[in-house]
Amino acid sequence: MAHWIGTHTPLGKGKVYTSFPAQTDYAEYISGTIYSDQEGKLEIQQAFLPVYASEGGENFEEDIKKWAEEGNWALAPGAIPPVEGTEEASKITVKAGERIAFKCFAVAPYWRLVYTNGGVDQKEFALEARAFERGRI
């Protein structure tokens, strides 16, 4: 099963979008597309998160937020395209007006996207990604 993360809500200058964590399940890859009318940086992050028990699952969303705060989020390895001139393979520079497709290996059970907008308010922004198994669309 593919888990989708995304937003089309423009960000103000210097603002950060952090997606809700999603599970990779049996996925081998995380891939997506991004467009911004202003420059910014995208990070694909993955983590092994602590587990909290909820009675009857009624506090599930609260537990996930707690996980996200306490998680050891790491940059995903081998993202395509890499940032030129650095070893930070999963920080992707998005130039103003550029559309980028990206992909990386899924190495942990949870993943999220973190996008930091540059110094100008966005008017247009689209970020979408999913985790998937090889051979499935």
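Computed from the coordinates by the stated procedures, all read-outs in this text should not be read as laboratory data. All figures in this text were calculated on a predicted structure; none of them were measured in a lab. Here Cβ is always computed from backbone atoms with ideal geometry, including for glycine, and neighbour counts include all displayed protein chains.
Would you mind checking the pairs LYS41/LYS103; LYS41/LYS95; LYS41/LYS66; LYS15/LYS66; LYS66/LYS91; LYS15/LYS65 and listing those with alpha carbons more than 18 angstrom apart? Correct reply: LYS41/LYS66; LYS15/LYS66; LYS66/LYS91; LYS15/LYS65. Stretching the chain fully between TYR35 and ASN59 yields a gain of 5.2 nm (0.36 nm per residue, less the alpha carbon separation). A Cβ-based charge dipole, computed about the Cα centre of region 94-137 with Lys and Arg at +1 and Asp and Glu at -1, lands at about 220 debye. In this calculation the C-beta distance from ILE100 to ALA74 is compared with R0 = 22 Å, giving a FRET efficiency of 0.55.
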